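> Dropping the structure in here first, questions after.
The values are calculated or read from the model by the stated rules, or taken from the named source; none is laboratory data. Quick caveat: nothing in here was measured; it's all calculated off a predicted structure. Ideal geometry is used to build each Cβ from the backbone, glycine not excepted, and the neighbour counts take in all protein chains shown.
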Amino acid sequence: MTKRHMNGRYIHEKHCQIGQSIVEAVVAVGIAIVLITGLVAATTSTLRVSQMSKDRTQALQYAKEGLEVVRIVKDANWNDIPQTAATYCLSKGQQNLGVGASDDCPFDIDNMFSRTILISDEGISCTAATFCRKVTVTVSFREQDQTRSVILTTYITNWRMR
């Protein structure tokens, strides 16, 4: 049995409309939660990728700086370039090769990066190997509990001796 309401509608219709409004509100809140969660996840992912890109770019810059130090040493005095394979650790701001080191250089550049320079004659195709050296700069860095590396390789020659 339905009773008439003052404006001419039936009472049971009003109760159905209230129930329908609650369902609409719950669905709207659910959609809003899903959208907000998606936006937060996308933002977090974007920030993580941005930081990784920044670290790789910085590592590449340190590797280029390492190659430049070797070029400066070579241009100043070719005899400072080792004639046999040698490994060096190059700290931030260091402008010389220093003393040969082991393969395990410390993460002493900004407490995050490690720079290793390997000078060798491996794979050299120069006609006079005594005037050529292969230079490999490896910059390692920590990224999300993993160690990543950027490696640059070039060949240097004693152009003054030719």
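> Tell me yes or no: at least one residue of segment 72-87 is assigned to a loop (DSSP other than H, G, I, E, B) and of a type in the set (A, V, I, L, M, F, W, C).
yes
> Something else now. Is at least one residue of segment 44-61 surrounded by 12 or more Cβ atoms within 10 Å (Cβ to Cβ), of a type in the set (K, R) and within 16 Å of T136 (Cα to Cα)?
The answer is no, given that none of the residues of segment 44-61 is surrounded by 12 or more Cβ atoms within 10 Å (Cβ to Cβ), of a type in the set (K, R) and within 16 Å of T136 (Cα to Cα).
> May I pose another question? So which of S140, S91, S114, S120 ends up being more than 26 Å from the chain's Cα centre (by Cα) and modelled with pLDDT of 85 or more?
None of the others qualify; the one that does is S120.
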